[in-house]
C-alpha cells in the first residue's frame, strides 16, 4: 500500500514536479492591484532543493526581502491605500489619516521605494513634523498611520523591510487636558444661566457628559421630558462628497458632479440632515445609550423649547435658521463663554470642550459612583444593549447625576 503523502501546512506553500522533471515551489504572496492572487515561484532540480528555496523565499517575503513590486514608491502605494481606507474608516478618522499622509508622509518619503525603506526614513517623518511644530501626540498618530500603511503594503505582497515597520513610535508626550475644576465649572454655568438662553447646551456637556457631536445632533424626538430621559443614539457628522462618474468628470468639485455621492463605510448607518451634514450612529455600541435627565435639566429644556429657534429638523440646539449648528461656531461660543466667565486653565489656555466630559466623569467618580454607571452615562465602553438593563440601572444613574447636579448647583 502506497504511503499517503503528508499535506503541507497552510502558509508553507506547495512543491510539485513538472513534466520536464524540474521541481517547482509556490506560495501565496498577497494580491495584485486588480484583486487577483499573487503567487511566488521557485524552481530547482531536486525536491529537497525546491523545498529549501521555497522556505527561503517565504522567509524573505515575510521579512520584506522578496522581489515583488520592487519599484513601487511610498506615494504610489499611499494613493492606492487611501481610497481603501476611506471605505472602512470613520469619516473623522479618515480625514486625520489623510492629513498625515498628504501633508507629511508623501512630502517627506513619498519618492522612496517601499523595498528600500529604512528606519531612518520613518524617523525623517518624525523630524519633519517636529520642525513643523506639530504636537507630540500628532507625530505619534502619523507614525501609527504610516506603520499601518506599510503593514498593509506587505500584506498585499509588496516588499517592505522589517527595519521600517519595526520602528517604535515616538513618545506622545504629556497632555495637560483634564477635568475642569469644580470652581471654574460653576462660574461657567453661572454665567450662561444669567446671560444665555441656550444654557442647557453647556449644561449638557458638564452635567450629562455629552459629546459635541451628540449635542449638535440631538433632536426633541430623542428627549422624553415626561420620564426625564435622553436617547443618545445619533450624532452630527459632516461627510465628504466624491465624484460618482466612472469616467473623468469635468466638474472640479464632487458636489457639482451629477453622480456625486457621500463617502462613508459600508456598515455605517446615516441619515441626511442638510448639505454635507448627516446624523450618524456612534462608532461603538457604548454610544447607543439612554441617560436620565435631572429635574433641573428637564425644567430648563422645557423653558428653552419655548424660545429656541424653530427647526424643521427638530434639533434641540440649532442655529438661528433651524439648521445644524456649525462645530467651529459652537467651539468659538465655548471659548467666548469662558472669557466672559473669567475662567481659564492653569496654563492660561482656554479649556477644550471635551474636557467638560472629563468633569462629568470625575465628579461622578468623586461621588463614589460605580464605574459601570459612569460608563453607561458617558458612553466610554461597552454596556448591555437590552432595554431591560437600561431600565434596571436607570434609578442608580439618575441618583448619580442628581449628586453631581447638586455639586454644580443645578437644582430646582
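From a point 7 Å beyond the Cα of residue 354 in the direction of its Cβ, which residues of the range 141-174 have a backbone N at a distance under 13 Å?
Counting only backbone N, you get 141.
On full extension of the chain, what length is gained from residue 402 through residue 116, given 0.36 nm per residue of separation minus the C-alpha to C-alpha distance?
96.9 nm
Can you give me the three principal axis dimensions of the range 313-362 from its C-alpha atoms, in Å, biggest first?
Per principal axis, max minus min of the Cα coordinates gives 39, 25, 16 Å.
Label-point separation (nm) for residue 303 and residue 178, each offset 7 Å from Cα along Cα-to-Cβ?
It is 3.3 nm.
Sort all Cα-Cα distances of the range 74-165 into consecutive 10 angstrom bins from zero, then give the percent of pairs in each bin up to the one containing the longest distance.
Result, from short to long distances: 17, 54, 27, 1 percent.
Can you pull a Stokes-Einstein diffusion coefficient for the range 125-242 at 25 °C (0.890 mPa s), Rh from Kirkwood over Cα pairs, as a whole number of µm²/s?
After rounding, the answer is 129 µm²/s.
Which order do 376, 273 fall in if you start with the one that has the fewest other Cβ atoms within 10 Å?
Starting with the residue having the fewest Cβ neighbours, the order is 273, 376.
Give the relative contact order (percent, whole number) for the range 74-165; include only Cα pairs under 8 Å separated by 6+ residues.
35
Rounded to whole Å, give me the distance from the Cα center of the range 154-207 to that of the range 114-131.
Comparing the Cα centres of the range 154-207 and the range 114-131, I get a distance of 27 Å.
When all alpha-carbon pairs of the range 257-361 are counted, what percent fall beyond 23 Å?
Cα-Cα pairs of the range 257-361 separated by over 23 Å account for 51 percent.
Sticking with the crude label model, points 7 Å out along Cα→Cβ, report the distance from residue 96 to residue 194 in nm, one decimal please.
With each label placed 7 Å out from Cα toward Cβ, I get 3.8 nm.
With the crude spin-label approximation of a point 7 Å out along Cα→Cβ, what separation in nm comes out for residue 46 versus residue 166?
3.2
Values in this text are rule-based calculations from the coordinates and carry no lab data. Quick caveat, the model's predicted, so the values are computed rather than measured. A quick note on method: Cβ atoms are made from the backbone with ideal geometry, for glycine too, and the neighbour counts reach across all protein chains shown.
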